[in-house]
Structures are given as C-alpha cells and as structure tokens.
C-alpha cells in the first residue's frame, strides 16, 4: 500500500474565500498592529511593523488580489511567512485553522486568461465542504519583496 504524503496548511479567510499556506513557510501568526506607512510603495503594501525588534514588511492580500477592501476587525491577523530566510507579513481577515491535506486531495488549478490570482495558486483542496485555495508563497512573497526592495 502506497503511503500518501500529508501536509499541514494554515487556513485563512479573505472575504468569503478560504486560502491556505503550507505551515512550513509560516513563522507565526500575530494580532493586527497598524503598520507604519512608507513612501513610494505599491498600494497593496500596508507598510512595516516592528515585531520583537524585527522590521517586517506587510502586504494586504485583499489589495494584492484586487478584492474590495475590507475592514480590519478583532479577527484580522498578520501571518508572518518565512521564505528563503526573508520574512513578510500578510494581512488576512481571519485565521480559521490548521488543516491536514493529503497530496491526493489537491487538484490542479485551471486558470483563465482573466484570472489575476492564477500565478499565486498552487492548487485547490476540498476539505470539510470548503474549497481551500492553496497559495504558492515563493511567488507571492518573492514578488512582494522585490516591490519593497528586500
């Protein structure tokens, strides 16, 4: 019997959609703190935060994905991701849970010509009657780091 690889994903919400990051790329999840704005940044860059002495750039994933801008609430979180020893904060509406997803449960994403998010998506998973859009942090974070000159 073939053993199926299982990964854990941090599942979070943006609007009514669920997204996931591989937990191996997540350093921590912290409550929202208002970032300090920097001049000449792309509009999806919220600014920077000081997290225990570390300066972390923060992106607003709603703006990055051209979604209508939501309000920061008590449930809003900043997910601090670490890719290639570079850290970036990702503002999300809420973090829902950690989900275990087997490789067999991940389907390829069928992109369309009009899909601005397609390059960031590594696959789709159906879990507990929800579709979770799995994001590729290497592309998302690498592109954002280039924008802030990290």
Query raised in the report: Among the residues of the range 33-49, is there at least one that is closer than 19 Å to residue 10 by Cα and either surrounded by 15 or more Cβ atoms within 10 Å (Cβ to Cβ) or under 12 Å from the mean Cα position of the chain (by Cα) (or both)?
Result: no
Query raised in the report: Counting only residues that are in contact with a strand residue (DSSP E or B) (Cβ under 6 Å, 6 or more places away or on another chain) and assigned to a loop (DSSP other than H, G, I, E, B), how many does the range 1-31 have?
Result: 1
Report task. Mind listing whichever residues of the range 71-83 are over 12 Å from residue 32 (Cβ atoms) and out of contact with any strand residue (DSSP E or B) (no Cβ under 7 Å at 6 or more places or on another chain)? Result -> 83
Requested in this report: Filter the range 16-32 down to residues that are under 18 Å from residue 70 (Cα atoms) and surrounded by 11 or more Cβ atoms within 10 Å (Cβ to Cβ) and give me whichever is modelled with the lowest pLDDT.
Outcome: 17
Query raised in the report: From the residues in the range 50-73 that are surrounded by fewer than 11 Cβ atoms within 10 Å (Cβ to Cβ) and more than 18 Å from residue 29 (Cβ to Cβ), which one is farthest from the chain's Cα centre (by Cα)?
Result: 53
Report summary line: A careful count of residues in the range 39-59 that are out of contact with any helix residue (DSSP H, G or I) (no Cβ under 8 Å at 6 or more places or on another chain) and free of Cβ contacts under 8 Å to residues at least 40 places away in the same chain gives 12
Query raised in the report: Can you spot a residue in the range 60-77 that is touching a helix residue (DSSP H, G or I) at 6+ places or on another chain (Cβ under 9 Å), closer than 20 Å to residue 42 by Cβ and not in a loop (DSSP other than H, G, I, E, B)?
Result: yes
Report summary line: The condition from (1) more than 19 Å from residue 27 (Cβ to Cβ); (2) modelled with pLDDT under 90 that residue 142 misses is numbered (1)
Query raised in the report: Got a sec? Which of 81, 99 is touching a residue at least 60 places away in the same chain (Cβ under 8 Å), under 13 Å from the mean Cα position of the chain (by Cα), within 21 Å of residue 7 (Cα to Cα) and surrounded by 18 or more Cβ atoms within 10 Å (Cβ to Cβ)?
Result: 81
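The values are calculated or read from the model by the stated rules, or taken from the named source; none is laboratory data. Source: prediction; values computed, not measured. With ideal geometry, Cβ positions are generated from the backbone for all residues, glycine too; neighbour counts draw on all protein chains shown.
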